[in-house]
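K.L.:
There's a structure below that I have some questions on.
The values are calculated or read from the model by the stated rules, or taken from the named source; none is laboratory data. It should be emphasised that the depicted structure is a prediction, and the values quoted were computed from it without experimental measurement. Heads up, the Cβs are rebuilt from the backbone with ideal geometry, glycines too, and the neighbour counts pull from every protein chain shown. Heavy atoms of the whole protein, side chains included, go into the accessibility calculation; ligands, DNA and RNA do not. Shrake-Rupley method; radii C 1.70, N 1.55, O 1.52, S 1.80 Å.
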Amino acid sequence: MKLNALVMSRNPGAVKVLVAAFAELGIEYRISSSVSDTMEILAQGHHSALVVDFDVPQSSQLARMTRAVSVKHRPVLFGMISAATPIADLFEAGGNFALYKPLDMLQVLHSFRAGQAFMHQDRRDSTRARGETIAYLQLPAGTVPALVQDLTEQGLSVQAAEPLVPMRGLSLRFVLPGTTQVVHATGDFVWTDKAGRAGLFFTNVPAACRRDLQAWLKKREARKHPVARPDFEVRIGRRATAAAH
């Protein structure tokens, strides 16, 4: 299976160098220019690598949010930084490799070749159903996307690209992971932190959406705890098989 990369950048020159490097290495790619679009693309499927331009506003928050993705689907993070960006900031945000601007083709190729082993490793089991989804929060300033980290019948926890201001009566929607079913709900923030994490308690979920959520949670729980056949049923089954022969 081919490696694939997602690039968030608004720098045409940098993108041109990256595209040339991907072509030489046989890596498929997709380009995004905003944090919100990048978050949505990440939730739609697995990417071997994420290249983040740290000159784009909120890029460090995006990098930190990526660490919340399950290890199985977490991309290797390459950060493009300029001379004004301390390299420590990149690694504190969860970056794995640094790409120095203006990008040099040889340096980019060297970094991606060094990261390929990790990228292959992260693709194990990537064909399985993913567990990530995006929630769209209707805030006074507009719609904010956030990665859903945990989901229960009572509420959910999310990771946004920036700190969320606590409020009540928040409208939100999200797709149940692995399905096309959209859940609409109203909720209250019960906690938030400066890293963009927050917990919401559902105050109203339409009946149809609640049934979909309950059915999804039941299926997830069944996968976690498969029902074991009682030992006496196993013994009876073995005797019946032996008798038939």
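K.L.:
Against the definition (open to solvent by 70 Å² or more (accessible area, probe 1.4 Å) and under 24 Å from LYS194 (Cα atoms)), how does PRO12 come out, yes or no? Give the steps one after another, and end with the answer.
P.N.:
Working: open to solvent by 70 Å² or more (accessible area, probe 1.4 Å): yes; under 24 Å from LYS194 (Cα atoms): no.
The answer is no for PRO12.
K.L.:
Please work out which one of (1) modelled with pLDDT of 90 or more; (2) among the aromatic types (Phe, Trp, Tyr); (3) open to solvent by 50 Å² or more (accessible area, probe 1.4 Å) is the condition TRP216 fails and give its number.
P.N.:
TRP216 satisfies every listed condition except (3).
K.L.:
In the stretch 134-152, which residues are among the polar types (S, T, N, Q), part of a strand (DSSP E or B) and out of contact with any Lys or Arg (no Cβ under 9 Å at 6 or more places or on another chain)? Walk me through how you get there before you give the answer.
P.N.:
So in the stretch 134-152, the residues among the polar types (S, T, N, Q) come out as 138, 143, 149, 152.
Cutting the leftovers down to part of a strand (DSSP E or B) gives us 138, 143, 149.
Within the stretch 134-152, just THR143 meets the criteria.
K.L.:
In the set SER70, SER82, SER126, which member is surrounded by fewer than 17 Cβ atoms within 10 Å (Cβ to Cβ) and either at pLDDT 85 or above or aromatic (Phe, Trp, Tyr) (or both)?
P.N.:
Numbers: SER70 fails: either at pLDDT 85 or above or aromatic (Phe, Trp, Tyr) (or both); SER126 fails: either at pLDDT 85 or above or aromatic (Phe, Trp, Tyr) (or both).
Exactly one of SER70, SER82, SER126 is surrounded by fewer than 17 Cβ atoms within 10 Å (Cβ to Cβ) and either at pLDDT 85 or above or aromatic (Phe, Trp, Tyr) (or both), namely SER82.
K.L.:
Condition first: within 13 Å of ALA160 (Cα to Cα) and either open to solvent by 30 Å² or more (accessible area, probe 1.4 Å) or touching a residue at least 60 places away in the same chain (Cβ under 8 Å) (or both). Now tell me which residues in the stretch 43-60 satisfy that.
P.N.:
The first filter runs over the stretch 43-60 and keeps only residues within 13 Å of ALA160 (Cα to Cα), leaving 43, 58-60.
Listed by number, the residues that qualify are ALA43, GLN58, SER60.
K.L.:
I would also like to ask the following. Within the stretch 85-122, take every residue that is of a type in the set (Val, Ile, Thr) and either more than 20 Å from VAL56 (Cβ to Cβ) or in a helix (DSSP H, G or I) (or both) and give me the one that is most open to solvent (accessible area, probe 1.4 Å).
P.N.:
Of all residues in the stretch 85-122, those of a type in the set (Val, Ile, Thr) come to 85, 87, 108.
Those left that are additionally either more than 20 Å from VAL56 (Cβ to Cβ) or in a helix (DSSP H, G or I) (or both): 87, 108.
Values: ILE87: 68, VAL108: 0 Å².
Across the stretch 85-122, the extreme among qualifying residues is ILE87.
K.L.:
Only one residue in ALA21, ALA63, ALA68 is within 29 Å of LEU176 (Cα to Cα), of a type in the set (Gly, Ala, Ser) and touching a residue at least 40 places away in the same chain (Cβ under 8 Å). Which one? Can you show your working first?
P.N.:
Working: ALA21 fails: within 29 Å of LEU176 (Cα to Cα); ALA63 fails: touching a residue at least 40 places away in the same chain (Cβ under 8 Å).
Of the residues listed, the single one that is within 29 Å of LEU176 (Cα to Cα), of a type in the set (Gly, Ala, Ser) and touching a residue at least 40 places away in the same chain (Cβ under 8 Å) is ALA68.
K.L.:
Scan the stretch 153-184 residue by residue and report those that are touching a helix residue (DSSP H, G or I) at 6+ places or on another chain (Cβ under 7 Å), open to solvent by less than 50 Å² (accessible area, probe 1.4 Å) and within 19 Å of THR203 (Cβ to Cβ).
P.N.:
Passing the criteria: only VAL183.
K.L.:
Tell me, please, whether a residue that is among the basic types (Lys, Arg), modelled with pLDDT of 85 or more and assigned to a strand (DSSP E or B) can be found in the stretch 192-202. Outline the logic, then answer.
P.N.:
As a first pass, look at the stretch 192-202 and keep what is among the basic types (Lys, Arg): 194, 197.
Next, only the ones that are modelled with pLDDT of 85 or more stay: 197.
Now restrict to residues that are assigned to a strand (DSSP E or B): 197.
Yes.
K.L.:
So in the stretch 219-245, with the set limited to residues that are basic (Lys, Arg) and open to solvent by 90 Å² or more (accessible area, probe 1.4 Å), which one is modelled with the highest pLDDT?
P.N.:
Here is the first cut: in the stretch 219-245, the ones basic (Lys, Arg) are 219-220, 223-224, 229, 235, 238-239.
Still in the running and open to solvent by 90 Å² or more (accessible area, probe 1.4 Å): 219, 223-224, 229, 235, 238-239.
Numbers: LYS219: 91, ARG223: 76, LYS224: 68, ARG229: 48, ARG235: 46, ARG238: 48, ARG239: 48.
Of everything passing the filter in the stretch 219-245, LYS219 is modelled with the highest pLDDT.
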